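Chemist: Structure provided below as structure tokens; questions to follow.
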Amino acid sequence: MNISLSPIVAVLGHVDHGKTSLLDAIRKTNVASREAGSITQHIGAYLITHNSQPITFIDTPGHAAFSQMRSRGANVADIVLLIVAADDGVKPQTRESLQFIRAAQVPFIVVLTKVDLPTAQPERVKQELEKEGILLEGRGGDIVVTEVSSKTGQGISHLLEMISLVSEIHEIKGDSEAVLEATVIESQFDSRKGALATVIVRNGQLNLGDKITAGEVVGKVKALIGDQGQNLESVLPGQAGQILGLEKVPTVGSQVKLAGEGGVVKVESANVKQQEVKEGLPAGADKPAQAGAKLSLIIKADTAGRLEALMAGLSSEVVVLSSGTGEVTAGDVALASSFGATIIAFGVKVPPEVLQQAEEDKVKIFSFAIIYEIFDWIAKALAGEVAEEVKILGRAEIIAQFPFGANQKIAGIRVAEGRIARGDNLTLSRKGEVIGKVKISSMKQADKTVDKVEKGQECGLIFAGTVDFQIGDVLESVR
């Protein structure tokens with residue numbers, strides 16, 4: 001039975017062209033009527049409703065290193081938003097995203113962002129797009145183009161209306177009674193919950209208790225989590241949900257099927273691979289490094305997509321002995337010690353006991369929040385330059401905000417680990433994506449000015465300059 005469904009919308013474009021800000025602005029518009037304090041889960045997708053029309057957005061990274069993820073984003077989407085900054089124009093990742101859109105033969109909407117800036121030149125950017133073969137509405141073509149400002153909210157409602165219109169024109173439908181067709185769009189390992197995977201459904205439905213396969217990974221759906229942290233009974237066509245219950249972390253892009261519907265795999269093979277992961281002994285780790293390799297690494301990342309992007313950018317001079325998602329473990333340190341390798345922690349925690357073991361075993365652990373910095377560090381290491389060890393000194397979550405003066409806000413924070421101090425080098429992240437680097441101008445606990453807060457403590461702080469932070473953002477202090 002064909003039914004109308006939530007169009008699945010991927011957001012592609014060049015880095016720094018406002019993808020994250022646009023998604024935040026859309027979400028902010030949609031949650032206006034929701035209960036205050038609602039927390040959005042970072043599952044890689046989220047559902048909104050505009051004029052009774054549900055729309056599912058896939059949160060797709062925009063940096064060049066994430067090209068494979070963006071390619072899959074276009075392939076699972078019904079509609080793509082091609083983001084182009086009105087003050088910057090067509091860039092390399094704009095053209096790359098356009099290639100993916102054309103290859104997937106998916107309808108798309110051009111979204112010109114940052115139109116509120118005095119340097120914005122939307123007409124010039126439209127001319128650049130026409131040179132790329134994009135024939136825009138009102139200019140001899142039929143590709144919808146909208147102009148928006150994530151800062152002021154200009155054009156957001158019109159953009160959502162255009163998404164609904166394009167969905168209607170292309171008659172996007174799904175069949176909840178068909179054979180399950182679903183794709184893993186994000187996956188990771190959580191030390192408390194185990195393997196997690198975000199799945200988007202195109203046809204059929206995924207239900208609590210279903211026995212499934214995700215590529216070669218098997219499991220049973222023990223829980224389904226929505227983007228607001230709510231427990232779901234099922235995920236219908238056009239919707240997304242995070243699965244708990246898989247035996248191991250599946251590859252991003254894996255096809256999800258019900259066991260017995262063309263998804264039969266050898267369970268014992270999956271169990272063997274899972275045991276290897278648990279023991280920290282990757283297959284082939286006892287083999288000599290590949291010819292020409294100058295740097296041996298063990299890489300841990302917070303999500304499979306970010307891990308894949310990092311791995312794809314490594315040169316032949318780097319050999320990776322082991323890689324995976326989740327925090328750095330004692331097994332990683334033992335393996336690094338045995339083979340003289342360095343550990344890269346990309347957006348993941350390094351527990352205090354693991355740091356202590358690393359110091360005893362003389363294993364270097366470098367923590368990074370931004371993928372560019374990892375590539376810079378690797379380039380220096382390969383060139384023989386002494387790289388300074390980067391460590392996470394503390395993490396805190398912004399739990400409240402209060403107006404201060406005409407244009408500033410006070411951020412209420414709670415320190416989750418380590419410490420946060422005035423003068424620290426800080427990164428501000430939202431849903432796992434780094435927004436930028438910030439500095440603190442003042443910190444207060446009650447009416448007392450302080451210079452540092454420790455784990456478990458709360459304080460109010462004011463950032464130097466104007467920082468567009470939100471509740472739920474994460475601060476990391478790095479050295």
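Chemist: Mind checking which aspartates and glutamates have their Cα closer than 20 Å to the Cα of K131? Skip sequence neighbours fewer than 8 apart in that chain.
Modeler: D87, D88, E96, E123, D142, E147
Chemist: With +1 on the Cβ of every Lys and Arg and -1 on the Cβ of every Asp and Glu, and nothing else charged, how large is the dipole of segment 413-469 about its Cα centre, in debye rounded to the nearest 20? Numbers along the way, then the final one.
Modeler: Details: 11 positive and 8 negative charges, 8 e Å.
Computed charge dipole of segment 413-469: roughly 40 debye.
Chemist: Would you mind pulling out the separation of the Cα centroids of segment 442-471 and segment 214-260, in Å?
Modeler: Taking the Cα centre of segment 214-260 as reference, the centre of segment 442-471 is 39 Å away.
Chemist: My understanding is that a pair violates if its Cα-Cα distance is over 27 Å; which of K114/K173; K19/K439; K409/K452; K300/K437 do that in this structure?
Modeler: Numbers: K114/K173 33 Å; K19/K439 24 Å; K409/K452 19 Å; K300/K437 23 Å.
Beyond 27 Å between Cα atoms: K114/K173.
Chemist: Filter the trypsin sites (Lys or Arg not before Pro) in segment 152-214 down to the DSSP loop ones having no more than 14 other Cβ atoms within 10 Å, then list what survives.
Modeler: For trypsin sites (Lys or Arg not before Pro) across segment 152-214 that sit outside H, G, I, E and B with at most 14 neighbouring Cβ atoms in 10 Å, the list reads R192, K193.
Chemist: In what order do S442, S97 fall by count of nearby beta-carbon atoms within 10 Å, going from fewest to most?
Modeler: Listed from fewest to most nearby Cβ atoms, that is S442, S97.
Chemist: Right, something else. Quick one: pull the percentage of alpha-carbon pairs in the chain with a separation above 31 Å.
Modeler: Working: 54583 of 114481 pairs.
Looking at the chain, the distances longer than 31 Å represent 48 percent of pairs.
Chemist: At D376 and E171, where each label point lies 7 Å from the Cα along Cα→Cβ, what is the point-to-point distance in nanometres?
Modeler: Between D376 and E171, the label points sit 5.3 nm apart.
Chemist: Between A330 and E137, what is 0.36 nm times their sequence separation minus the Cα-Cα distance? Round to one decimal in nm.
Modeler: On the way: separation 193, 0.36 × 193 = 69.48 nm, distance 5.77 nm.
Here the answer is 63.7 nm.
Chemist: So, one more: Based on other C-beta atoms within 10 Å, arrange I143, I58, I374, I109 from fewest to most. Don't jump to the answer; show the numbers that get you there.
Modeler: Details: I143 16, I58 26, I374 23, I109 20.
In increasing order of surrounding Cβ atoms, one gets I143, I109, I374, I58.
Chemist: Fewest to most neighbouring Cβ within 10 Å: what's the order for V15, V256, V350?
Modeler: Fewest to most other Cβ atoms nearby, the residues stand as V15, V350, V256.
Chemist: Looking at segment 90-199, which GluC sites (Glu not before Pro) are DSSP coil and have at most 16 other C-beta atoms within 10 Å of their C-beta? Numbers along the way, then the final one.
Modeler: Values: sites: E96, E123, E128, E130, E132, E137, E147, E161, E168, E171, E177, E181, E186; in loops: E132, E171, E177.
Passing sites in segment 90-199 are E132, E171, E177.
Chemist: Around V145, what is the net charge, scoring Lys/Arg as +1 and Asp/Glu as -1 over all other residues with Cβ under 10 Å from its Cβ?
Modeler: In short, 0.
None of the figures in this text is laboratory data; all of them are computed from the coordinates on show. If you're wondering where the values come from, they're calculated on a predicted model, not measured in any experiment. Neighbour counts are summed over all protein chains in view; Cβ atoms, including those assigned to glycine, are modelled from backbone coordinates with ideal geometry.
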